[in-house]
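The values are calculated or read from the model by the stated rules, or taken from the named source; none is laboratory data. All figures in this text were calculated on a predicted structure; none of them were measured in a lab. Cβ placement follows ideal geometry from the backbone for every residue including glycine, while neighbour counts extend to all protein chains displayed. These area figures cover heavy atoms from the full protein model, side chains too; ligands, DNA and RNA do not enter into them. Shrake-Rupley method; radii C 1.70, N 1.55, O 1.52, S 1.80 Å.
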Amino acid sequence: QVSSAAASGPYPKRVKVVEVGPRDGLQNEKNVVPTPVKINLINMLSETGLQVIEATSFVSPKWVPQMADHTEVMQGINKLPGISYPVLTPNLKGFQAAVAAGAKEVSIFGAASEMFTKKNINCSIEESLERFDEVMRAAREASIPVRGYVSCVLGCPYEGKISAAKVAEVSKKMYSMGCYEISLGDTIGVGTPGSMREMLAAVMKEVPVGALAVHCHDTYGQALANILLALQMGVSVVDASVAGLGGCPYARGASGNVATEDLVYMLNGLGIHTGVDLQKLMDTGTFICNALNRKTNSKVSQASCRL
Amino acid sequence: QELQASGLPEYIKIVEVGPRDGLQNEKVIVPTDIKIELINQLSKTGLPAIEATSFVSSKWVPQMADHEEVMRGIERHPGVQYPVLTPNLQGFHSAIAAGATEVSVFGAASESFSKMNINCSIEESIERFEEVTKSARNMNIPVRGYVSCALGCPYEGNIVPDKVAEVSKRLYSMGCYEISLGDTIGVGTPGSMKKMLEAVMKEIPLNALAVHCHDTYGQALANILTAIQMGVAVVDSSVAGLGGCPYAKGATGNVATEDVIYMLNGLGINTGVNLYAVMEAGNFICTALNKKTNSKVAQASFST
């Protein structure tokens, strides 16, 4: 229900913010970022109160050159106690390299769209999940938690509309395989509170809401409204990217990730605890934008710079 | 209003403020013929209300100095309202003489803002507006009331919801048919929006309320969603997100009409507005202003 009953809350008392800037953000930036800058970015984020910072991706540099320095980054960052630094691992080889480099948590990526999976990793959804079986087994043996991502949950750049039932099916599979959390990604940002509600209602039949996260893109300006709706339905884990790093690879010049600063501003206004220091977060955003020689995508940051 | 099964309004009236609020807050002064063309294009999109100009002294607001030519020059489409700002009786008379059939008055929930903006107290401004509403009533001219700083003030900071309710009630009692609650500096969040609306809804019927959210802190759509979940069915917005924030240099101001419509479409709410036509009007004015759109929907749609 999206009505006034929902508007009154109750909202979750606490929300876990998963910072994806150093991986999802930087991976989708035009300029390749030098290793020391990446390390400094993660170290600064570690001082903001964020509990989860996605550090890098153990994927072949042939495919993702921006993440070629994954081992140096993993070994170079200050790992503060109480903070998790998950890394992407597309397959067993990546998983083993990640663990050797000191990773204590990994993520795997599925999708709710067959065409997207085909175009992205050249196989079917079913095949992609079979590949992850090996990773899940190895992770279980090593007591390494695995986070599962589902892409295209509110729309696909190739298929267009995505059925909520399909999202629920893929989410359920990944949860049953052993992922402790499923992050539902509006990959091209086309979702609205209407489609978000419908999709979550379907997924929540299969996966407990405490194991769900939303990963909203702001390509159509809908991210915060979509996140608000998700919170009203009981979701309490939200992904975001400092300074809104990371454009959209499917719409040139358009924005991608929602800015962590703007998310935290909203959560603060709702009285929801995040543990994040907004000023330190803004300072970190300023640092990386200067390093990338680009303007921030965070409106809170833009507004706060009174000249 | 009629409500859907979801509890949301079935229909939401969009009040387009780009040609006035938007252009007034743009750096570049726009030639009269461009203003007229913008309004004419907007008139073809299905928008039910388009705030056309402001009958304020050109000494104070040079961007709106051509108010008479604009009012006389635009095509008046049947079924579309073209409200204009009238800060006082003199402005009201000029507006009527130029053909206006609806006017707006601007109050504020902050004494400091009132003082800095129009150099008088809230009470004094209310008295001025009463002259306008009295004349308007005699001539059967509807008056819309705006309340600025509903969720925060650039000078006073926090604004108490009861103050917003008090000022809204004064405007409503003097005859304003609709009260548009403005988050003037965009600092509001769904939390403060809800508290403010709860206070105002004790004094004003829901169907006389509108929200005018600024996107300076990226909160506009979330705030609008909160308002419509509470039953508000009138939303102000500005094509291409025209109009920066005069209180935070370089920051954005009005929420983009395109982005609002995209959200409402996704919620199954009828607006009567053709999104693509609005994007085209937005494209026109941004080209004319030589600036990038502030609408994310437009950015995403026009990219290659």
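With r defined as the distance between the Cβ atoms of B:Asn265 and A:Gln96 and R0 fixed at 45 Å, what FRET efficiency is calculated, to the nearest 0.05?
0.45
Bin all alpha-carbon pair distances of segment B:246-304 at 10 Å intervals from 0 and give each bin's fraction as a whole percent.
Values per bin, smallest distances first: 21, 50, 25, 5.
Quick check: residue separation of B:Asn207 and B:Tyr276 times 0.36 nm, minus the Cα distance between them. What number comes out in nm?
Between B:Asn207 and B:Tyr276, full extension yields 22.0 nm more.
Expressed in nm to one decimal, what extension gain is obtained for the pair A:Lys295 and A:Gln51 from 0.36 nm per residue of sequence separation less their Cα-Cα distance?
85.3 nm
Determine the per residue accessible area of chain B with all protein chains present and a 1.4 angstrom probe, expressed in square angstrom.
I get 37 Å² per residue for this part.
Would you kindly compute the Cα radius of gyration of segment B:13-301 and its largest Cα-Cα separation (Dmax), both in Å?
17.2, 48
Given a 1.4 Å probe and every protein chain left where it sits, what share in percent of the accessible area of segment B:28-158 is carbon and sulfur?
50 percent
Quick one: if the Förster radius is 51 Å, what FRET efficiency do B:Ala288 and B:Glu123 give, using the C-beta to C-beta distance and rounding to 0.05?
With a Förster radius of 51 Å, E is 0.80.
Once R0 is set to 25 Å, what does the formula 1/(1 + (r/R0)^6) return for the Cβ-Cβ distance between A:Lys172 and A:Glu141, expressed as a FRET efficiency to the nearest 0.05?
Efficiency, from the Cβ-Cβ distance: 0.60.
How many nm separate the modelled label positions at A:Asp283 and A:Val32, each set 7 Å beyond the Cα in the direction of the Cβ?
3.2 nm
Starting at 0 and stepping by 20 Å, how many percent of the alpha carbon pairs of chain A end up in each bin?
With 20 Å bins starting at 0, P(r) equals 36, 61, 3.
Largest first and to the nearest Å, give the Cα extent of segment B:1-111 along each principal axis.
For segment B:1-111, the Cα extents along the three principal axes come out at 51, 38, 29 Å.
Quick one: buried accessible area between A and B, total over both chains, 1.4 angstrom probe, nearest 100 Å²?
So the total buried area for this chain pair works out to about 3200 Å².
Can you give the % of DSSP beta bridges in the protein assembly as shown that are antiparallel, to the nearest 5?
So the antiparallel bridges in the protein assembly as shown amount to around 10 percent.
Distance from the Cα centre of segment B:35-84 to that of segment B:258-304, in angstrom?
Segment B:35-84 and segment B:258-304 have Cα centres spaced 19 Å from each other.
Mind checking the full-extension length gain between A:Lys119 and A:Ala201? Use 0.36 nm per residue of separation minus the Cα-Cα distance, one decimal, nm.
26.7 nm
In nanometres, what is the gap between the two model label sites at A:Glu126 and B:Ser112, each 7 Å from Cα along Cα-to-Cβ?
Modelled inter-label distance: 6.6 nm.
Which of the trypsin sites (Lys or Arg not before Pro) found in segment B:131-235 are loop residues per DSSP with 13 or fewer other Cβ atoms within 10 Å of their Cβ?
B:Lys202
So how far, in whole Å, is the C-alpha centre of segment A:277-307 from the one of segment B:137-195?
A separation of 31 Å, based on Cα centres.
For each pair in A:Lys16/B:Lys169; A:Lys119/A:Lys173; A:Lys62/B:Lys296; A:Lys295/B:Lys59, compute the distance between the two Cα atoms and list the pairs where it is over 30 Å.
Pairs exceeding the cut-off: A:Lys16/B:Lys169; A:Lys62/B:Lys296; A:Lys295/B:Lys59.
Enter the per residue convex hull volume of the protein assembly as shown, computed from alpha-carbon coordinates, in Å³ rounded to the nearest integer.
134 Å³
Take chain A, connect every pair of alpha-carbon atoms lying under 10 Å apart with a spring to form a Gaussian network, then pick out the residue of A:Ser241, A:Ser143, A:Ser46 with the largest mean-square fluctuation.
A:Ser143
Summing Lys, Arg as +1 and Asp, Glu as -1, what charge do residues with Cβ under 13 Å from the Cβ of A:Gln222 carry, A:Gln222 excluded?
Residues near A:Gln222 contribute -4 overall.
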